[in-house]
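Engineer: Just passing along the structure, written as structure tokens.
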Amino acid sequence: MNDYYQFAILSAVVLAVYAFLYFVVHPLAKWIAIKTPNKFDDLLVKKKVISRALFFVPVIILVQSFPYVIAKEHWLYDFCEHIGNILFTVAAFLLASAVLDVIESLNERNVKMKLRPMRGIFQAIKLAMFCVATILVASQIVNKSPVIILSTLGAMATVLLLVFRDSILGLVSGIQINLSDLLRKGDWIEIERHHADGSVIDITLTSVKVRNWDNTVSVIPAYDLITNSFRNWRGMQESGGRRIKRSLFIDQQSIRFLTPEEIEKFMKIDVLRPYLEQKLDEIGENSGVSENVTVTKLNGRHLTNIGTFRAYCTAYLRSRKTIAQDMTLMTRQLAPTPTGLPLEIYAFANTVEWIEYENIQSDIFDFLIASLPEFGLSLYQYANRVP
């Protein structure tokens, strides 16, 4: 029996084994995986670990059988040897990639690890395996040692660095991001230079995808997050409180001293009474509430409508259940501007949900703006200015 006939029989056996495994064993394995309560075998099927492991069987049959059916001096012997080595290398690479996919899926299911940007690292490992497999396959095709292939590639290192620049930078950046815990999937980040403001939906070897609040998607190079600054709102989300920092611009012409009648009126406000009593004690006016306002007020300390309103804002915030009382809370004056005196509200809402936060903030400023006339104050508006 000549070598060609034996090679044909071997090829038919290998193909028959592959067909049996692919059309009989593999569907049976999928059916068993679906029927069993264990979810791990479902993952093995989904990530093609079983199908790629079965591919090893016909490859092993070919590699182990051809030396016994083909003469060593025949050209088919070298052909089968090279083909067997190539198929074995490809099968090993495919199986290793599938196993990495399984590990990545298990990592995403882990509560502690699912937010870590490990996907880029897995992609880097796959890329390294692909390069090794490519070199081994190329060495079989040209019938040269892998060392010679590597030395040839060494002369092309500059070209390779240019081609894989983003991948190399992304790999290094991915490792730094992971080790430093700079970024996680689901983090709200803001990068003005890329017009990105939203939630991280994917972290790969070379890029980070951000779904912006307008539902557009920004793709940012991973290394850009290391070489440049960006804002991560994770700390705010984990704290449970979101900052309110907004100013009311008070018309400075409406600022004045309080009259005794106004002081008596404000004493009836429960949240404001402790402040007024304390201030009146400090300036010695507890007995002078009913005195008329005269120019002699410039000779001592007296209550003003802006100061009283500032105290009222703080007391009002202290009384609201939607404001985090264990975080910074104050009302302060900023430097006067051509558009009025900024009276800044600085506090934290006890939620990080965007819509709820905006509602809380709007409710606060709705009430404070409506309260200004009660203190004889008004907001600065260009339309109200006298030329």
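Engineer: May I ask you to list the residues in region 202-218 that are touching a helix residue (DSSP H, G or I) at 6+ places or on another chain (Cβ under 9 Å) and not in a loop (DSSP other than H, G, I, E, B)?
Structural biologist: Step one: list which residues in region 202-218 are touching a helix residue (DSSP H, G or I) at 6+ places or on another chain (Cβ under 9 Å), which gives 202-208, 210, 213, 218.
Passing the criteria: Asp202, Ile203, Ser207, Val208, Val210, Ser218.
Engineer: Which pairs have Cβ atoms under 8 Å, sit 6 or more apart or on different chains, and link a residue in region 50-74 that is buried (at least 18 other Cβ atoms within 10 Å of the Cβ) to one that is among the hydroxyl-bearing types (Ser, Thr, Tyr)?
Structural biologist: Ser51/Tyr22; Leu54/Tyr22; Phe55/Tyr18; Pro58/Tyr18; Phe66/Tyr77; Ile70/Tyr77
Engineer: Just a yes or no: is a residue in region 113-124 at pLDDT below 70, part of a helix (DSSP H, G or I) and either surrounded by 13 or more Cβ atoms within 10 Å (Cβ to Cβ) or more than 33 Å from the chain's Cα centre (by Cα) (or both)?
Structural biologist: Yes - at least one qualifying residue is present in region 113-124.
Engineer: Taking Asp181 as the residue in question, decide whether it is modelled with pLDDT under 85, under 12 Å from the mean Cα position of the chain (by Cα) and surrounded by fewer than 17 Cβ atoms within 10 Å (Cβ to Cβ). First the steps, then the outcome.
Structural biologist: Details: modelled with pLDDT under 85: yes; under 12 Å from the mean Cα position of the chain (by Cα): yes; surrounded by fewer than 17 Cβ atoms within 10 Å (Cβ to Cβ): yes.
So Asp181 passes the test.
Engineer: OK, next. Note down all Cβ pairs under 7 Å where the first residue falls in region 264-282 and is more than 15 Å from Phe375 (Cα to Cα), the second is open to solvent by 80 Å² or more (accessible area, probe 1.4 Å) and outside any helix (DSSP H, G or I), and they're at least six residues apart or on different chains.
Structural biologist: Close Cβ pairs (under 7 Å, with a partner that is open to solvent by 80 Å² or more (accessible area, probe 1.4 Å) and outside any helix (DSSP H, G or I)) amount to Leu280/Asn286.
Engineer: Using the structure shown, decide if Ala29 is outside any helix (DSSP H, G or I) and either open to solvent by less than 70 Å² (accessible area, probe 1.4 Å) or in contact with a Gly (Cβ under 7 Å, 6 or more places away or on another chain) (or both).
Structural biologist: On the way: outside any helix (DSSP H, G or I): no; either open to solvent by less than 70 Å² (accessible area, probe 1.4 Å) or in contact with a Gly (Cβ under 7 Å, 6 or more places away or on another chain) (or both): yes.
Taking the combined requirement at face value, the residue does not satisfy it.
For every residue, the table says whether it meets (1) more than 23 Å from Ile263 (Cβ to Cβ); (2) outside any loop (DSSP other than H, G, I, E, B); (3) touching a His at 6+ places or on another chain (Cβ under 9 Å).
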site: Ala335; (1), (2), (3): yes, no, no
site: Ile355; (1), (2), (3): yes, yes, no
site: Asp366; (1), (2), (3): yes, yes, no
site: Pro373; (1), (2), (3): no, yes, no
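Engineer: Could you tell me whether any residue of region 300-311 is open to solvent by 60 Å² or more (accessible area, probe 1.4 Å), in contact with a helix residue (DSSP H, G or I) (Cβ under 8 Å, 6 or more places away or on another chain) and assigned to a helix (DSSP H, G or I)? First the steps, then the outcome.
Structural biologist: First, the residues of region 300-311 that are open to solvent by 60 Å² or more (accessible area, probe 1.4 Å): 301, 310.
Within this subset, residues satisfying the condition of being in contact with a helix residue (DSSP H, G or I) (Cβ under 8 Å, 6 or more places away or on another chain) are 301.
Then keep just the ones that are assigned to a helix (DSSP H, G or I); that gives none.
Checked against the condition, which is being open to solvent by 60 Å² or more (accessible area, probe 1.4 Å), in contact with a helix residue (DSSP H, G or I) (Cβ under 8 Å, 6 or more places away or on another chain) and assigned to a helix (DSSP H, G or I), region 300-311 yields no hits at all.
Engineer: Quickly run through region 45-69 and pick out the residues that are part of a helix (DSSP H, G or I) and within 38 Å of the chain's Cα centre (by Cα).
Structural biologist: Scanning region 45-69 gives Val45, Lys46, Val49, Ile50, Ser51, Arg52, Ala53.
Engineer: Hey, another quick one. Do we have Ile220 as within 17 Å of the chain's Cα centre (by Cα), surrounded by fewer than 14 Cβ atoms within 10 Å (Cβ to Cβ) and without any contact (Cβ under 8 Å) to a residue 60 or more places away in the chain here? Let's see the steps before the verdict.
Structural biologist: Details: within 17 Å of the chain's Cα centre (by Cα): yes; surrounded by fewer than 14 Cβ atoms within 10 Å (Cβ to Cβ): no; without any contact (Cβ under 8 Å) to a residue 60 or more places away in the chain: yes.
Criteria not met by Ile220.
The values are calculated or read from the model by the stated rules, or taken from the named source; none is laboratory data. The structure presented is a predicted model; accordingly, all values stated were derived computationally and were not measured. As a convention, Cβ positions derive from the backbone with ideal geometry for all residues, glycine included, and neighbour counts pool all protein chains shown. These accessible areas exclude ligands, DNA and RNA; they are computed on the full protein's heavy atoms, side chains included. Shrake-Rupley method; radii C 1.70, N 1.55, O 1.52, S 1.80 Å.
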